[in-house]
Amino acid sequence: MVDESLLKEIKAAQDAGASAASADDVKKSLAFIKQVSVENEDLKEELEDMDIAIQLVFSDVDIKFWLTVKEGDLDFGEGDVDNPSFTLTSTLEVGAGIVMGEVDATSAYMAGDITVEGNLQDAMAFQEIIELALEAFEDLVEDL
């Protein structure tokens, strides 16, 4: 079950906007994705055959997060990940905007607001994870 207080905190961060986001807001969004990944059938199906390690680097605040998916299990943390499939580098505002649904990752990439080093196909899979998690989030906050 997704933590209701976590949903409320993320909703408040979304309402404030990515420009007001903190690294803690990103961490809460990643925690939500981890929690919902064990409940949401669409997300579980997406993760089933995935084996990726993602490095998120927020260059303006010197913060890094990682997210891994292996055999359907999603995990995340702060710091470096070994052998990332790709590294996404952006400002905190843009990165927070991506995980909170305010910024489209493809548009940000095309505009040069993010850089991706490594496997672009895995980066697109990450975008799909975010989109499915955001859909689940919208459904869950309707019930609050």
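Values in this text are rule-based calculations from the coordinates and carry no lab data. As the structure is a computational prediction, the values presented were derived from the model and not from experiment. Don't worry about glycine lacking a Cβ; one is built from the backbone with ideal geometry, like all the others, and counts go over all protein chains shown.
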**Study point:** Karplus-derived 3J(HN,Hα), 6.51/-1.76/1.60, for each residue of region 84-94, Hz, glycine and proline x
**Key:** x, 5, 7, 10, 9, 10, 7, 6, 4, 4, 5
**Study point:** Stretch gain in nm, segment E138-E41, where the contour uses 0.36 nm per residue and the Cα spacing is subtracted
**Key:** 33.4 nm
**Study point:** About the Cα centre, charge dipole magnitude for region 62-144 (Lys/Arg +1, Asp/Glu -1 at Cβ), debye
**Key:** 340
Exercise for review: Any lysines with Cα under 27 Å of the K70 Cα? List them, leaving off those in the same chain fewer than 8 positions away.
Suggested key: K27, K28, K34, K44
Practice item. Please express the shape of region 4-142 as an equivalent ellipsoid: the semi-axes are the square roots of 5 times the eigenvalues of the C-alpha gyration tensor, given largest first in whole angstrom. Key: 20, 19, 13
Point to revise | Given charges at beta-carbon only (K, R positive; D, E negative), |dipole| of the chain in Debye | key: 500
Review point. Applying the Karplus parametrisation 6.51 cos²θ - 1.76 cosθ + 1.60 with θ = phi - 60° to the phi angles of region 38-51, what ³J(HN,Hα) value in whole Hz is obtained for each residue in order, glycine and proline being reported as x?
Key: 9, 10, 7, 4, 4, 5, 4, 5, 4, 7, 3, 9, 8, 9
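Find, among the GluC sites (Glu not before Pro) in region 41-111, those assigned to loop by DSSP (not H, G, I, E, B) with at most 13 other beta-carbon atoms within 10 angstrom.
For GluC sites (Glu not before Pro) across region 41-111 that sit outside H, G, I, E and B with at most 13 neighbouring Cβ atoms in 10 Å, the list reads E48, E71.
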Review point. Tell me, what HN-Hα J-couplings in whole Hz come from the Karplus equation 6.51 cos²θ - 1.76 cosθ + 1.60 at θ = phi - 60° for each residue of region 4-21, using x for Gly and Pro?
Key: 4, 5, 5, 4, 5, 5, 5, 4, 4, 5, 4, 5, 6, x, 4, 5, 9, 6
Exercise for review: Let me have the relative contact order for the chain, percent, based on Cα pairs under 8 Å that are six or more residues apart.
Suggested key: 25
Check your understanding: Using modelled backbone amide H atoms (1.01 Å from N, in-plane), which distant-in-sequence or interchain residues come within less than 5 Å of G72's amide H?
Key -> M50
Check your understanding: Amide H to amide H under 5 Å from T91: which residues, 5+ apart in sequence or cross-chain, H placed 1.01 Å off N in plane?
Key -> S59
Revision key, fill the gap. What helix-only [θ] at 222 nm does the chain give? Using -39500 (n - 2.57) per DSSP H run of at least 4, over all residues, to the nearest 500, the answer is -15000 deg cm²/dmol
Point to revise | Alpha carbon centroid spacing (whole Å) that separates region 1-26 from region 60-124 | key: 18
Check your understanding: By how many nm would the segment from E102 to A16 grow when fully extended, if each residue of separation counts as 0.36 nm and the alpha-carbon distance is taken off?
Key -> 29.9 nm
Point to revise | Rounded to the nearest 20 debye, dipole of region 1-40 from Cβ charges on Lys, Arg, Asp, Glu | key: 80
Review point. What is the set of long-range amide H partners of I63 at a cut-off below 5 Å, with H atoms built 1.01 Å from backbone N?
Key: F58
